[in-house]
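Each remark here refers to the structure printed beneath this line.
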Amino acid sequence: MDRLKQQLAFLTEIDRMKTVYRRNVVIDRSRQEDDAAHSWHMAMFALVLAEYAPETLDMLTVLKLCLVHDLVEVYAGDTFCYDAAGNLDKAERERQAADRLFALLPAEQGNEYRTLWEEFDAPSTPEGWFAAAIDRLQPFILNFHTDGHTWHLAPVKRADLLRRLDPIRTGIPALWPDVLKMVDEAIENGYLPAEKEGTTK
């Protein structure tokens, strides 16, 4: 298969991202958010909030990480982050999906995107940590503006949420105090149950 046919096959296949639905709803609550919308919104978060990064970033790499990070879900599906059982085999399902999906591309592109996906999954660079932080911040903002919609599904407590949001503390520490204030405001508004610091499920 020639190069363009491989690339078009890949681009056609990832159209499935538009039909992979997440637990979040969009802010007007008219529908669930899909993976493609999440990835686009993440990329915009990264562009707008780049000034808060702890050091100068390669923004092209950050944007690539945002766009690539959930592509494997076209085969693996979205796994609810608070679903303990579903997360047991998530890594293996996503690895198999990555093997299948990135093989559609010409070898050097497939290897590049696979490497980006792996960097996002286990961040080791400032760009990886920033993208990971944005991935936690974006759904947090959606939940805050939909009265904790997804948090009620688990249900999620403050300690659970803080563990989930911790990459923000590492990847964009300048935003962490504001995130903590919003968590406390979510409790005051009844989006999360009140609990003492350090309590667990």
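What follows is calculated from the coordinates using simple rules that are stated; it is not laboratory data. No experiment lies behind these values; they were computed from the predicted model shown. Note that each Cβ is placed from the backbone with ideal geometry, even for glycine, and that neighbours are counted across all protein chains shown.
Some notes on this structure:
- In the set (1) in a helix (DSSP H, G or I); (2) over 20 Å from residue 23 (Cα atoms), the condition left unmet by residue 123 is number (1).
- Only one entry in 177, 167, 193, 155 is surrounded by 15 or more Cβ atoms within 10 Å (Cβ to Cβ) and either in a helix (DSSP H, G or I) or not hydrophobic (A, V, I, L, M, F, W, C) (or both), namely 167.
- All helices (runs of 4 or more DSSP H) inside segment 14-115 with 1 or more residues being without any contact (Cβ under 8 Å) to a residue 40 or more places away in the chain and surrounded by 16 or more Cβ atoms within 10 Å (Cβ to Cβ): 35-49, 59-68, 73-76, 90-102
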